[in-house]
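Before any comments, here is the structure.
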Amino acid sequence: MNAIVDAWAWLTTADHWSGRGGVWQRLAEHLQLTGLCLLISAAVALPLAAWLGHGGGRRLGGALAINISNAGRAVPTFAVLVLLTISPVGEHGDAPTIIALVLFGVPPLLTNAYVGVAEADRDVVEAARGMGMSPFQLLFRVELPLAYPLLMTGLRTAAVQLVATASLAALAGGGGLGRVITAGFDTNNTAQVFAGAVLVAGLALLVEGALALLQRLTDPHRRPNRRAPDDERPPASHRPATTTPEMETT
Amino acid sequence: MSAATAQSCLAANDWICGEYLRSRSEELTEATVDHVVITVTSVGIAVLLAFPLALLARRWRLASAGILGATTVLYTIPTLAMYALLLPVFGISVSLVICGLVLYSLTILVRNVLTGLRSVPAEAREAAVGLGYGRTRLLFTVELPLALPALMAGLRIATVSAVSLTTVGAIVDNGGLGNLIYAAMDSYFKAQVLTASVLCVLLAIAADLLLLGLQRLLTPWTRAAGGGRRARRAAGAEARDAVLDQRATA
């Protein structure tokens, strides 16, 4: 119980928040690193996933999608951070952290987006193709909207992963909120360690919660239904032949 | 001649150094054994805890929401923060690392045991009940064996993640191979960082293959009926599982 009281005292001391190395500065570093690397990861992963899932390279894509996330799990983030830090890359400021973050941000984005696009309902895709959609229309108007829930899941997973990885960067001498924890360990200050942990965990949960909310609010499949739920509609064969196939994908 | 070059690779601080392997083999073995002990203990405890929790969650819907919610929150907390949060409870000790790893593994295992139990075909259950099986006998002779593939998949993910996350325990001096990585970082001892990192990845791969072999031994029926089509469908399912459980490395 003492630990919580001490940590609260640490957190409510204004000195710990302001100035160089204060919580605000570390939080800003953390958010900058995470945001920047999320953008880079998405820029790398999403086009690749769309191409793999949409194009003919699906067999290759499937193997890649499975293996890249397995590999991401087996390779310790901490080891990658330290390896990059003591390699020549380490001479360039934040470069090791940024590279490590992108390396661990790409797999969840790639795997989710690939599975989403590749497993978009084949009947709908065939129907769209039959309507004469070009490959680009097919991708942007059918496959990506259908993959939306998984795209967002990937984004959320990647964001939480990046927040976590960025906190580990402190162990390898990088910035971010993890520094509050490592500094506490270095000075045997349990209150600071605990306070830092609360901040890092809180940030991760906040990011997860905010993105989960965003996902729910923007999910195209949750818009007010303009048609009756599937089970209340008559089977397709009973409908007039003039009805065009429904393409409610946006 | 060879001795001279071998000596010089330590002096030159090369990434790959045979002399390092020879002169520090004892230290390396010790760290590897520590690493394995921490991982196996954690995953073992998590398996023992996951069963009752999964059964509880299956029995009562309220418990199910609570347990799944709590484990998801735990899973979102970054490793460094998790270890730091446990510091006031355990102090600097190996129990701290083990407790953190148990909490992470639990998430994966409970979810997979539940998925496995839910995937048991109703016909199998009804047939067993019709044959006069009691609840316990039904669980142990019908449901658990049929849930085994999902369970083993979870066990593999949990184990590989635990191997990787153990390294972060270096912050409390109980990180197995992570200790070597952390110690070598400040002195830029490249051979030690690379060797320990590679050993870590090898451990994860070895554990994964070992569990895969065990799974095949325990569930011969999943292979017996295997045609190309079934295998392909399994690969698709694996891709989807990979989507669900990707972030555990930071």
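Restricting A:Val106, A:Val115, A:Val75 to those that are within 10 Å of another protein chain (Cβ to nearest Cβ) and either in contact with a Ser or Thr (Cβ under 8 Å, 6 or more places away or on another chain) or acidic (Asp, Glu) (or both) reduces the list to A:Val75.
Restricting attention to region B:171-179, does a residue exist that is modelled with pLDDT of 85 or more and at the interface with chain A (Cβ under 7 Å from one of its Cβ atoms)? Checked region B:171-179: at least one residue is modelled with pLDDT of 85 or more and at the interface with chain A (Cβ under 7 Å from one of its Cβ atoms). Being at the interface with another protein chain (Cβ under 9 Å from one of its Cβ atoms), of a type in the set (Val, Ile, Thr), more than 21 Å from B:Leu74 (Cβ to Cβ) and part of a helix (DSSP H, G or I) is a description that applies to A:Thr182.
Residues are listed down the side, and each one gets a yes or a no for (1) under 12 Å from A:Val82 (Cβ atoms); (2) within 8 Å of another protein chain (Cβ to nearest Cβ); (3) exposed (fewer than 15 other Cβ atoms within 10 Å of the Cβ); (4) in contact (Cβ under 8 Å) with a residue 60 or more places away in the chain:
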position: B:Arg156; (1), (2), (3), (4): no, no, no, no
position: B:Thr159; (1), (2), (3), (4): no, no, no, yes
position: B:Gln192; (1), (2), (3), (4): yes, no, no, yes
position: B:Val198; (1), (2), (3), (4): no, no, yes, no
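Between B:Ile92, B:Ile67, B:Ile45, the distinction of being surrounded by fewer than 23 Cβ atoms within 10 Å (Cβ to Cβ) and not in a helix (DSSP H, G or I) belongs to B:Ile92 only. Determine if region A:120-139 includes at least one residue that is closer than 27 Å to B:Ala84 by Cα and either among the acidic types (Asp, Glu) or buried (at least 23 other Cβ atoms within 10 Å of the Cβ) (or both). No, region A:120-139 contains no residue that is closer than 27 Å to B:Ala84 by Cα and either among the acidic types (Asp, Glu) or buried (at least 23 other Cβ atoms within 10 Å of the Cβ) (or both). Looking across A:Asp15, A:Asp6, one residue alone is more than 24 Å from the chain's Cα centre (by Cα) and surrounded by 15 or more Cβ atoms within 10 Å (Cβ to Cβ). It is A:Asp6.
Of all the residues in region B:153-174, those that are under 8 Å from the mean Cα position of the chain (by Cα) and among the charged types (D, E, K, R) number 1.
Take A:Ile66 and decide whether it is modelled with pLDDT under 80, crowded, with 20+ Cβ neighbours inside 10 Å and facing another protein chain (nearest Cβ under 9 Å).
On the way: modelled with pLDDT under 80: yes; crowded, with 20+ Cβ neighbours inside 10 Å: yes; facing another protein chain (nearest Cβ under 9 Å): yes.
Yes; evaluated as a whole, the condition is true for this residue.
The values are calculated or read from the model by the stated rules, or taken from the named source; none is laboratory data. Please read these numbers as outputs of a predicted model, since none were measured by experiment. All Cβ positions, even for glycine, are placed from backbone atoms using ideal geometry, and neighbour counts span all protein chains on display.
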